[in-house]
Amino acid sequence: MMLVPPKMTAGHKLVTTSEDLTTMVNELSSASVVGFDFETSGLRYWDGQKPIGYSVGYWRTGASPELNGPRAWYVPVAHRTTDRQANLDHAKAAFSDVLKKAPELVGHNLKFDLNMARADDWDVPPWTPIHDTMIQAYLIDEARAMQLEKVVMQIGASPYADALEMKDAVEQWIRDRAKSLRISRTAYLDKNGHQEVPVPLEAEYACRDVGHTLALDRAQRSKAMGLGKPWELRRRSLYENEMLLVRAIADMEYRGQLIDTDYLERVKVQLNNEMDTGGRELLKLFGVDLPWNNDRSVRNLLYQDLGLPVTKMTESGNSPAVDRAALTNLKSLHAGIEPLMEWRARYKVLSTYTDSLIMKADPAGYVHPSFNQHGAASGRLSSSKPNFQNIPNRHPVLSKMVRRAFVVEPERARVYCDYSQIELRMLAWITQNKTLLGAYQSESYARLCDQRIDYEDYRLSRLKEDSSDVHGIVAQEIFGADPKSADWKRQRGAAKVINFGVPYGGGPTLLMTNPDLMMEEKQAKAYHRAYHQRNPEIDQTKKALLRKMRKGSLSFMNWTSRECHGKRLLWDNESAVAEEERSMFACLVQGSAAELTRFSLVRLWLLQQHGHLPAVTTSTVHDEIQVDCAQSDLREVALIVQREMEAFTGLFGSVPVIADLETTMTNWADKKEWT
């Protein structure tokens with residue numbers, strides 16, 4: 001462990017006295033941009049872990065080089081060391097004074113700092129413009145590593161000779177401390193965060209964090225905003241929305257959703273019993289007792305011992321797959337496959353959504369997932385701890401079993417507003433595919449776009465229109481299917497699978513592995529070929545996109561001017577290039593759809609902040625936004641949420657954006673359509 005305190009960089013200051021706090025506040029009062037960052041005792045703000053200190057700073061500009069660069073202070077308040085520290089109340093007051101006077105605030109992953117501040121009563125102004133350098137980096141290059149020091153090093157923006165010096169020093173101290181306690185680094189950080197790190201060491205480390213953040217903002221902001229570019233207006237709108245989205249997501253995470261922990265305990269017992277029974281059945285069917293959750297053991301049994309055919313490889317391409325799709329292909333070949341799938345499905349729920357979910361709940365029973373604004377290259381939000389996007393949704397029993405754990409508070413209701421077939425609608429608009437455009441034709445929407453009716457009349461008018469079955473239309477036009485024939489359900493199902501698979505670059509394999517279809521390879525290829533022959537606009541759009549990317553900067557922009565990069569398009573590896581081609585078209589379609597959710601989250605948040613929506617947003621899952629309100633406000637809230645999520649009139653030509661409503665007053669599993 002480091003025993004010699006590091007030398008503070010010129011312009012950095014450790015603050016422990018009231019006099020130094022006053023000096024700090026006075027100097028920062030004239031700064032146009034203030035950076036801030038918390039050091040904490042852990043990451044779980046909802047579980048009592050708190051700030052142990054904070055760093056603040058600004059970028060100095062002067063006549064000489066030594067006067068240019070970051071000026072930063074570190075104020076320790078709760079380190080568990082013998083080092084001298086600042087008075088907590090005085091430090092909080094100074095923090096409040098600095099941030100209230102700042103015209104703009106800068107940070108890296110500000111969502112975390114906002115919630116850490118809120119949980120421990122640190123005052124962060126609610127409307128001061130913020131600039132999150134992690135989100136800036138994501139807007140410039142979505143594929144890069146987003147860790148602060150890595151971004152700084154990638155663009156050569158560090159004001160220090162060694163960008164990693166202090167990060168490495170603190171990391172080494174933590175590793176040595178964990179080793180002395182005979183626990184892992186992860187376990188140590190989970191319990192202690194940085195609270196035992198000596199104050200002088202943490203001070204230089206924290207000041208450099210702020211210095212790096214300020215340097216990044218100076219290097220990135222104009223590019224992230226598209227200043228001086230032909231698309232600057234759209235890009236500014238995107239940038240402003242993304243920065244407001246930081247606050248909206250922070251609020252959503254802080255609120256969380258209530259789970260029924262007692263119910264989950266009962267589910268755990270039930271699943272263990274079912275797995276015990278299932279395990280005995282598998283022993284009879286396969287003649288061996290294995291750890292059925294272990295992929296290697298199952299792989300060896302199925303493909304080596306039993307000699308079953310390999311129909312799918314893992315993503316790496318190195319091993320035969322044993323995921324649900326691969327096992328589905330083998331169901332007709334061995335009586336044990338379906339029971340094996342059921343056992344593994346229960347194991348996944350047991351390991352992911354019982355004890356794990358209970359452990360992630362705060363003392364009041366709420367879970368606070370991390371919604372990752374930079375989680376996917378396409379622009380879709382992702383979530384973790386827990387992953388709301390990965391909750392089972394197709395299993396006839398387990399899907400509702402898990403959803404039943406997410407309950408609504410007494411006298412409250414939850415609104416689920418989900419974009420209807422939004423990726424298909426984006427596909428129709430982007431490719432101008434005649435079949436899809438025809439399927440989404442709406443006289444009511446045309447009248448709304450022409451301002452012949454207002455939104456309320458449109459909403460009522462469209463209810464009277466014949467519902468459009470886009471999958472049925474595709475089945476009839478492409479496959480010549482007859483709704484009265486015995487094969488109608490299968491042909492419509494094939495159209496649905498292809499429709500939803502196209503944005504992901506899906507091929508005939510989707511039809512061969514779908515559990516409801518299980519088509520032979522020859523028929524699957526024939527269906528897939530017919531679809532693309534009758535819908536040439538899709539392949540034409542994809543080819544034009546890739547051609548333009550290869551001729552240009554290996555990137556494209558969607559309707560918001562968000563840029564997506566295809567750096568592997570020029571690789572020599574054919575499989576990597578093919579995967580990148582599929583990925584780019586998926587990013588175009590999915591990303592265009594995902595923007596609607598991102599903009600709608602901000603719209604709803606702004607209405608809530610201004611008192612125009614008596615509700616709180618509690619989650620988003622894929623293309624759905626979940627909002628809680630008093631039962632007495634349900635009708636008002638549902639209509640406002642639907643209106644705001646659909647408020648993209650005319651933006652996508654003749655294709656209407658539709659958001660479907662469902663509600664519940666009990667739990668997620670019991671939600672019903674709302675009209």
Below 8 Å between Cα atoms, with a sequence gap of 6+, how large is the relative contact order for the chain in percent? 14
So for region 67-196, using the alpha carbon gyration tensor with a ≥ b ≥ c as root eigenvalues (a/c under 1.5 gives rounded; past that, a/b versus b/c decides prolate or oblate), I'd call it oblate
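List the chymotrypsin sites (Phe, Trp or Tyr not before Pro) within region 569-605 that DSSP assigns to loop and that have no more than 14 neighbouring Cβ atoms inside 10 Å.
Here the chymotrypsin sites (Phe, Trp or Tyr not before Pro) that fit, given the DSSP loop and packing criteria, are Trp571.
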So, with a 1.4 angstrom probe, what is the percent of accessible area on region 172-293 that is carbon and sulfur? 49
Could you do me a favour and compute the accessible area per residue for the chain, 1.4 Å probe, result in Å²? 46
So how far, in whole Å, is the C-alpha centre of region 483-523 from the one of region 247-307? 29
Here the net charge surrounding Trp605, from other residues whose Cβ is less than 14 Å away from its Cβ (Lys, Arg +1; Asp, Glu -1), is -1
Cα shape, region 346-450, gyration tensor, a/c 1.5 rule: prolate
Place the peptides 587-595, 548-556, 467-475, 313-321 in order of packing, highest mean first, counting for every residue the other Cβ atoms within 10 Å and averaging per peptide. 587-595, 467-475, 548-556, 313-321
For region 396-451, with all protein chains present and a 1.4 Å probe, just round the carbon and sulfur fraction of the accessible area to a whole percent. 47
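First check a/c for region 421-568, with a ≥ b ≥ c the square roots of the eigenvalues of its C-alpha gyration tensor; if it is under 1.5, answer rounded, and if not, answer prolate when a/b is larger than b/c or oblate otherwise.
Here region 421-568 falls in the oblate category.
Rounded to the nearest 0.05, what FRET efficiency do Arg80 and Glu171 give with R0 = 22 Å and r taken as the Cβ-Cβ distance? Could you check?
0.75
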Flagged links, alpha-carbon separation over 25 Å, of Lys50/Lys100; Lys150/Lys312; Lys111/Lys167; Lys223/Lys567: Lys150/Lys312
With a 1.4 angstrom probe the carbon and sulfur portion of accessible area for region 1-117, in percent, totals 53
Taking a spot 7 Å from the Cα of Arg534 along the direction of its beta carbon, which residues of region 466-504 have an amide N less than 11 Å from it? 472-482, 492, 495
I'm spelling it out carefully: the read-out is P(r) over Cα pairs in 20 Å bins from 0, in percent, the candidates are (1) 15, 45, 34, 6, 0; (2) 16, 40, 30, 12, 1; (3) 13, 35, 26, 15, 6, 3, 1, 0, and one was derived from this structure. Which label? (1)
Can you list the aspartates and glutamates whose alpha carbon sits under 16 Å from that of Lys672, skipping same-chain ones fewer than 8 residues off? Asp418, Glu624, Asp628, Asp660, Glu662
Cβ under 13 Å from Pro6's Cβ, Pro6 left aside: what net charge do those residues give with Lys, Arg +1 and Asp, Glu -1? -2
With label points built 7 Å along Cα→Cβ from the Cα atoms of Leu233 and Ser382, find their separation and express it in nm. 3.5
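If eta is 1.567 mPa s and T is 4 °C, what Stokes-Einstein diffusion coefficient results for region 520-630, Kirkwood Rh from Cα pairs, in µm²/s?
Translational diffusion coefficient: 76 µm²/s.
Where does each of 662-671, 618-627 land if you order them by average Cβ count within 10 Å, highest first?
So the peptides 662-671, 618-627, ranked by packing, come out 618-627, 662-671.
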Value at 222 nm in deg cm²/dmol, rounded to 500, when DSSP H runs of n ≥ 4 in the chain each add -39,500 (n - 2.57): -15500 deg cm²/dmol
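The values are calculated or read from the model by the stated rules, or taken from the named source; none is laboratory data. What you see is a predicted model; the values in this text were computed from it and never measured. As a convention, Cβ positions derive from the backbone with ideal geometry for all residues, glycine included, and neighbour counts pool all protein chains shown. Note: areas computed on protein heavy atoms with side chains; ligands, DNA, RNA excluded. Shrake-Rupley method; radii C 1.70, N 1.55, O 1.52, S 1.80 Å.
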